[in-house]
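Read-outs throughout are calculated quantities, based only on the coordinates presented, and are distinct from any laboratory measurement. Computed from a predicted structure; not experimentally measured. Positions of Cβ are generated from backbone atoms using ideal geometry, with glycine treated the same way; all protein chains shown enter the neighbour counts.
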Amino acid sequence: MGIRPVLISNTSKPAEISNLMQTAKTEFLIPPSKFFKHQQWVQNFIKDHPEYKVFANDELESWKDLRPLGENQLSQEYLLEIPKTKQGTILFTSGTTGNPKAVFTDISSISQQCTSLRNLWEYTEEDRLLHVLPTHHIHGLSNCLLTPLTAGSAIEFISQPFNAHKVLHRISQPPSVDFPPITMFHGVPTMYSAFISAYESYDSFQREKVAKGLKGLRVAVCGSAALPVPIAKKWEEITGTLPLERYGMTETGMVFSNSLDPSLRKLGSVGYPMPGVHAHLVDPNDRLIMVSNVPGKLVVRWHSESQLFHKYWNDIKATNRARVKPEQVARRAIQKIEDGKVIMKTMKLKRGDQAVRQKVKDHWFRTGDMAVRGEDGEYYMLGRESVDILKVAGHLTSALEIEREILSLPEISEVAVVGVKSQKFGDIPHAIVALKPEYATKLNPTADKEAERKEYKRELINSLRKRMREKLSEEKLPRRWIITDAIPRNAMGKVNKKLLLADERFFPKVKRAAGLDGASGSDTAEEVDEAGEHKGQHEEGDHEPDHDDTKPEANQ
């Protein structure tokens, strides 16, 4: 059939849907039933956009059952077959580091991704997967829907929004005809964190029941964001195994995965390249990094003819920026490092070499992520190059590393570390944290105990900072700590750090220093400076880090 589906969130607002449709240049819309509550919006949309066709989706049995609204009609061209090379899906990126991009993946790439996942994670007809993820993201679509379907696995959907207690109750139910045992679960870090909190709220009988159910899972997969080490360790304490961490993107599908064998999983690592995936780390000049434990930019491609990344829909410039020519990552390589010096190796290519003969479609894809390869070939993600890699007085620092250490503190429920721009010191780490309930309640404002509340906050922040000094080097220590009720996240639990930096609740005046519009403060987020004192507003100008900026610069 001549249709390329564009999957979008069913929680999107009408204006968002309109923008996404224009970006992907879609030709008709099939909204969920709830959108017909916004009947006026639907009618206005039809009137304002005659080029689009809008259809009801109630009780559809086939595409031919589509019922047009208004005067727009479904053209017969949509019912015609198109070449397989032009068949596929369009998904939007999460937009955590910029505007969402429309990613087209052809049918052959989708098929290869499903085959790779099915073989590696051993989906079978005996499996029953509990589906809790949105299907407009690659994790919920490919990992949890398409792949198990190709293996004949059963898929059980649970009602949204996500509720940790409801999911744990289902997983821990005794097997029966009506409720077969759940064997597979896929989630994101915030879900695993919610599971731990729910488990700790139960009495001993409930804990034993839940632990038994979780131990019955054949595999519990976690991805889409970094899983905090304390959460992973607590999960292992309850179930006896670490979650299976993996790494993937909308553009590429799954790239890395830990072993299905729990004994071979590495804490904090996203594992090894998936079958069929070729991964490399390159330096800023696109030279291969052949040694372990050296940070680099991650580039990937498939071994076979099926391509890992096809294109950004209707965005040739973004597509070309994301590609690296094969010969660019094959000419010279960082072979080793001796006494801090980089030893280069020239890789001589003959005219007939595969790297030279590869066509445009086989170009490497720039993921935009920084990573490190371990001694055994496993990969550790350092974060997005644009927001998670901070340059503090010449020292390259991973915000994710700082976040992992802060999350190891018992008081912390959530954290996001961002770099606030300073002309003098570069990216100054700031920590936005949410406290666990038992600590957060002590900060609730009361007229008669305001002095006690401020003193508790001062002591708490000083204690957090003191313990961080024992874990982190000086340049990695957050200059300021901002306490909030919760950190905003998208449907996949990801944090948009660019939006955090632009959020008036967190950075009222620092925004000016970062080149953003200034704004007044907010009552919903409170900031504590390096001395532990509460600040209603940020100071003007540069913010000095907690270290001497005369230290030598790190390798770049």
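Listed highest first by mean packing, meaning other Cβ atoms within 10 Å per residue, what order do 381-393, 115-127 come in?
Working: 381-393: 20.3, 115-127: 17.5.
My ranking of the peptides, most packed first, is 381-393, 115-127.
Whole number please: convex hull volume per residue of the Cα set in the range 122-241, in Å³? If you can, show how the numbers build up before the last one.
Details: hull volume 12.2 nm³, N = 120.
For the range 122-241, the hull spanned by Cα atoms encloses 102 Å³ per residue.
Using per-residue counts of other Cβ atoms within 10 Å, averaged over each peptide, order 134-140, 20-26 from highest down. Working shown, then result.
Details: 134-140: 22.4, 20-26: 17.6.
Ranked by mean Cβ neighbours within 10 Å, highest first: 134-140, 20-26.
Looking at this model, which pairs from Lys234/Lys436; Lys101/Lys497; Lys476/Lys497; Lys471/Lys497; Lys297/Lys471 are more than 19 angstrom apart at the alpha-carbon? Walk me through the numbers before you get to the answer.
Details: Lys234/Lys436 16 Å; Lys101/Lys497 17 Å; Lys476/Lys497 17 Å; Lys471/Lys497 24 Å; Lys297/Lys471 26 Å.
In this structure, Lys471/Lys497; Lys297/Lys471 exceed 19 Å between Cα atoms.
Zone of Glu452 (label point 7 Å along Cα→Cβ, backbone N under 19 Å): which residues in the range 401-437?
Only 437 fall inside the zone, counting backbone N under 19 Å.
Can you check what the net charge comes to around Leu130, using other residues whose Cβ is under 9 Å from the Cβ of Leu130 (Lys, Arg +1; Asp, Glu -1)?
Values: positive: Arg128, Arg170; negative: Glu156.
Its environment carries a net charge of +1.
For Tyr272, what charge total do you get from the other residues with a beta carbon under 14 Å from its beta carbon, if Lys and Arg give +1 and Asp and Glu give -1? Each step should come with its number before you reach the end.
On the way: positive: Arg246, Arg265, Lys266, Arg373; negative: Glu245, Asp261, Glu375, Asp376, Glu378.
Counting the neighbours of Tyr272, the net charge comes to -1.
Please give me the summed charge of the neighbours of Thr397: other residues whose Cβ is under 10 Å from its Cβ, Lys and Arg +1, Asp and Glu -1. List each step's numbers first, then the result.
Numbers: positive: Lys391, Lys476; negative: Asp388, Glu401, Asp427, Glu475.
My count for the surroundings of Thr397 gives -2.
I'd like the distance separating the alpha-carbon centroids of the range 159-181 and the range 237-296, in whole Å.
The two parts, judged by their Cα centres, are 30 Å apart.
Amide H neighbours of Trp364 under 5 Å, at least 5 residues apart or on other chains, H built in the peptide plane: list them.
Amide H neighbours of Trp364: Val324.
May I ask you to order 243-255, 494-506, 463-475, 197-209 by the average number of other C-beta atoms within 10 Å around their residues, highest value first? Please report the intermediate quantities before stating the final value.
Values: 243-255: 23.9, 494-506: 18.9, 463-475: 15.3, 197-209: 13.0.
Order by mean packing, descending: 243-255, 494-506, 463-475, 197-209.
Over all directions, the average projected area of the alpha-carbon convex hull for the range 365-512 comes to how many nm²?
Values: hull surface 45.3 nm².
With the hull built on Cα positions only, its mean projection is 11.3 nm².
Scale the Cα Rg of the range 192-315 by the rule-of-thumb value 2.2 N^0.38 Å and send over the ratio, two decimals.
Working: Rg = 18.1 Å, N = 124, 2.2 N^0.38 = 13.7 Å.
For the range 192-315, the normalised Cα radius of gyration comes out at 1.32.
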